[in-house]
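What follows is one structure encoded as structure tokens, with my remarks underneath.
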Amino acid sequence: MHDTADTSSRTEQGLARDEGNFGWTSLAGRAAMRLLSPGNSTSRLSILIYHRVLSARDPLFPGEVDAQDFERQMRLIRSSFNMISLPEAVKAMREQSLPPRAACVTFDDGYADNAEVALPILRRLGIPATFFVATGFLNGGRMWNDTIIELVRHSPGPVLDLEAVGFGQIDIANIPQRQQAISTLIGKLKYLPLQERQVQIDAMCDHVRLLLPNDLMMTTRQVRELHNAGMEIGGHTVNHPILARLDAREARREIAAGKETLEGIIGAPVRLFAYPNGKPAQDYLAEHVRIVKDLGFDAAVSTAWGSIPSDPDLYQLPRFTPWDQGANKFLLRMARNLLKRAEVV
């Protein structure tokens, strides 16, 4: 068994080494970003997306960011960019006064580890962030894709028998097979209508009968904790539907109800919105942009890659995630993103 203090010490030493190694990389990064995003009317904004920040590496998802990865990334970005909050960025874009190398950090969905793992790191490094929360999963709920993940994770194997509910027998004898099973099941269910998808998932759970975790998502207390720490809380609907698959009335209800619930929790206006899944013309349409404007949001974000020019559509701000682990590749990905003009509807 590892000694906690010793493990913590090694982590700090590793981060210190990284910080030192970032020296020349950060100088080169700042120089490159200064050329690509010089400030004011010619500046370009980078918005990063995160979902989860795990306390430790997950064998099923080795590419998912854990606490040590996240701190390294935040230190690197802070060394090469001017970190500002998304509300500050929206105001600056309206005034064409963005600082050079401006960047924002955002989180989607409302995972509990955002408050438990990411928030202490953000506070320690002085980095603001916006958290887009789907309210239907607060206080013990679970997103549909996480139900699939945890069902596959906790099934004993070597075969997950879903023949009786129409999904056949799926090999899960090892990690690659479990990863493939998750990908296949999510792919089959992702674009089904909300109610039909839930019926299928409930049928799987009833058939397999496993005890699945109910603490993956935030509590209302954690949402307030983020708000009280100076972080921005944004809307992300109630049930995280693909808006393009809903009629306009239901889409409006999802967006408005999520906003209203969050405002009741934090006692403050919710000014920003993230389209679920967020691909322009596939997951949301022009009518949803109009709904977001009508409901009084100041701006909204998508998941289209690219940086934000000096004349943006504030209701379709692009975001991206640089997945690269190494500092050089990480900054290269950031630079390439600055050169890309994002898709909008």
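Every read-out reported here was derived from the displayed coordinates using simple, explicitly stated rules and does not represent laboratory data. All of these numbers come straight from a predicted model, not from anything done at the bench. Heads up, the Cβs are rebuilt from the backbone with ideal geometry, glycines too, and the neighbour counts pull from every protein chain shown.
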* Footprinting exposure proxy for Val117, Val208 (fewest neighbouring C-beta atoms within 10 Å first) -> Val208, Val117
* Structure fact -> Applied in sequence order to the range 82-98, the curve 6.51 cos²θ - 1.76 cosθ + 1.60 (Karplus, θ = phi - 60°) yields integer Hz couplings, x standing for Gly and Pro, of 8, 7, 10, 6, 5, x, 4, 5, 4, 4, 5, 5, 4, 9, 6, 10, 4
* Asked: With the chain treated as a Gaussian network of Cα nodes joined by springs under 10 Å, which of Ser155, Ser43, Ser79 yields the largest mean-square fluctuation?
  -> Ser155
* Per-residue HN-Hα couplings for the range 240-250 [Karplus 6.51, -1.76, 1.60; θ = phi - 60°; Hz; x = Gly/Pro] -> 6, x, 6, 4, 5, 9, 9, 6, 4, 5, 5
* Name the long-range amide H neighbours of Phe107: under 5 Å, sequence gap of 5 or more, or other chain; modelled H, no Pro or chain starts. => Tyr50, Thr130, Phe131, Phe132
* **Centre separation in Å (Cα based) which lies between the range 45-83 and the range 122-167** => 19
* To do: Report the calculated FRET efficiency for Ala56 and His207 (r = Cβ-Cβ distance, R0 = 30 Å), to the nearest 0.05.
  => 0.45
* Structure fact -> Largest fluctuation, Arg52, Arg142, Arg253 only, Gaussian network model of the chain with Cα springs under 10 angstrom, belongs to Arg253
* To do: Exposed loop chymotrypsin sites (Phe, Trp or Tyr not before Pro) only (DSSP loop, at most 13 other Cβ atoms within 10 Å): please give the longest stretch of the chain free of them, not including the sites.
  => 1-190
* Which percent, to the nearest 5, of DSSP beta bridges fully inside the chain are antiparallel? -> 20
* Structure fact -> Among the range 165-195, those whose backbone N falls under 16 Å of a label point 7 Å along Cα→Cβ from Ala281 are none
* Structure fact -> With 0.36 nm assigned to each residue of separation and the Cα-Cα distance removed, Lys293 to Thr219 gains 23.8 nm
* Asked: Which lysines have a Cα less than 20 Å from the Cα of Lys293, not counting those fewer than 8 places away in the same chain?
  -> Lys91, Lys259, Lys279
* To do: For the range 304-341 and the range 206-232, write down the distance between their C-alpha centroids in whole Å.
  => 29
